[in-house]
Amino acid sequence: METLGYLMDGFGVALQPHNLMFALLGAFLGTLIGALPGLGPANGVAILIPLAFSLGLAPDTALIMLTSVYAGAMYGGRISSILLNIPGDEPAMMTCLDGYPMAQKGKASEALAISAIASFVGSLVATVGLILLAPLLAKFALTFGPAEYFALFMLAFATLGGITGKNPVKTVVAACIGLMIATVGIDNTGVQRYTFGVLELFEGVDFIIAIVGLFAISELLFFIEERAGGGKEKMSVNKLTLSWRDIRDILPTSFRGGVLGFIAGVLPGAGASLGSFISYTLEKRVLGKKGNFGQGDPRGVAAPEAGNNGASSGALVPMLTLGVPGSGTTAVLLALLISLNITPGPLMFTQNADIVWGVIAALLIGNFLLLILNIPLVGIFVKLLSVPPMYLLPIVTMVAFVGIYSISNTTFDLYFMVAFGVGGYILRKLEIPLVPVILGLLLGPEMEKNLRHAMDISDGDWMILWDSGLAIGLWVFAGMGLILPYIIGPLLRRRMRNPIETGNSDSD
């Protein structure tokens, strides 16, 4: 009953006209961003964070808008997967297997509608899971001391690459780079570290500048290098002929996918890619010979879409309750919270209950808004794919520059953002992931603070880090997070790649 009361208060926040307007705007922009191959939700949220600051949005409004962008981008990623056989982001890869064959059969509208309905069901299931699980996990996290939090941060870094990550060693290197950047500035004792006498570095590196530079500017540099001159030839979208029977047939699949996706999102290191894969694989096993997977089965579209959208909501659970992001996009949202002087974690549910429950209520409302937007307006989103990137990316870059300058009104931040963009471009060329860099930058100060606190309590005795059963359990899971990618990762990636390659060869 207590949770229900908080949720009702959250609806009071989310249903305020200006919050509802920005939720709708975020859902629309997120779907547009998700439809563009290569951008994805993390880039979309990172690009629009400066816009939230430049508009002077209140914390609850800014978070509602950007979580709506997140949800919208997860919806939008399936458009290019179905029409062009090009996933908008990694979690949308599995949608290509049956979505593109459906489009080739003249059922593009049906595939897009099915994916929208499955995304809605998966997100709805996961949001209900978030409502039920998050308060319980937040209460449990109140028992954490500094040693447990330090072990938790180590677990976050250990599982960062996930079992679907390509190179765990490069993930560790990226996290170390982020932790090194996090040491810039004045520490807790008043000592300057790596400031080189530059006044602007005394307060450390601004998260927002780093995120926009690493994501948005590096993406522009990649575009300049590749010189992508025009849009892809898109497949025509037929008139929608989806029946209620078709919808009824995909509902069990969507529900199963939403549950599996939510579990994958909550687990550290799993994420939406694994959520879509296991949802598709399970559905294939459940239906067996009754299915026509890989040749345009509607349930082959519904399963991965429900899975990846369920995982996106599930990833919010560890971010809100523990202050540890469950995905790259939630790492960007974590930076937003910190920039707004909001400390994510268990105390957020008491100190900032209106914001937390307002965002959760906005997720529920946003799912309905996205369903309403995605079916009748899909033609508009599809037309975006024909716009050459040479016109789109400069607009994105302009938004980033104007947004960053409006925050601080200093050209130093613009130069700093470009420097991060060049650094991000180099890291991506070396196939070093950017999300661990951001996570190291975000969690580094809290990690150091908890380690110092633990050392103060124990009078310098390092054994305090292993002094409780909870801390030992977290260290064990961290060790497993480092080892499992080497054992399970190659096998799982091979299994994910095989059906995709088979599907592509069948469609050629």
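The values are calculated or read from the model by the stated rules, or taken from the named source; none is laboratory data. Values in this document were obtained by computation on a predicted structure and should not be read as measured data. Note: ideal-geometry Cβ built from the backbone for every residue, glycine included; neighbour counts use all protein chains shown. Surface areas here come from the heavy atoms of the whole protein model, side chains and all, with no ligands, DNA or RNA. Shrake-Rupley method; radii C 1.70, N 1.55, O 1.52, S 1.80 Å.
Would you mind getting me the FRET efficiency between residue 4 and residue 167? Use the beta-carbon distance for r and R0 = 35 Å, nearest 0.05.
Details: r = 45 Å, r/R0 = 1.30.
Between residue 4 and residue 167 the formula returns 0.15.
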Over the range 395-443, with neighbouring protein chains present, the accessible area per residue in Å² at probe 1.4 Å is 46 Å²
Under the Karplus curve 6.51 cos²θ - 1.76 cosθ + 1.60, θ = phi - 60°, whole-Hz ³J(HN,Hα) for the range 447-457, x wherever Gly or Pro sits: 5, 5, 4, 5, 5, 4, 4, 4, 5, 5, 5
Keeping all protein chains in position, work out how much accessible area residue 412 exposes to a 1.4 Å probe, and write it in Å² to the nearest 10. 60 Å²
Taking the alpha-carbon centroid of each part, what is the distance from the range 342-370 to the range 106-125 in angstrom? 25 Å
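Just order 147-155, 365-373 by mean Cβ neighbour count inside 10 Å, highest at the front, would you? Walk me through the numbers before you get to the answer.
Details: 147-155: 24.2, 365-373: 20.8.
The most tightly packed comes first, giving 147-155, 365-373.
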With an 8 Å Cα cut-off and a minimum separation of 6 or more residues, compute the relative contact order for the range 77-138 in percent. 23 percent
Any idea what the relative contact order of the range 1-100 is, in percent, if you count C-alpha pairs under 8 Å spaced at least 6 apart? 31 percent
List the residues, sorted by chain then number, that are 5 or more residues from residue 195 or on another chain and whose placed amide H is less than 5 Å from its amide H. 185
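Between residue 286 and residue 405, take the C-beta separation as r, use R0 = 51 Å, and let me know the FRET efficiency to the nearest 0.05.
0.45
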Relative to the Cα centre, what is the charge dipole magnitude of the range 254-353, using +1 at the beta carbon of each Lys and Arg, -1 at the beta carbon of each Asp and Glu, and rounding to the nearest 20 debye? 400 debye
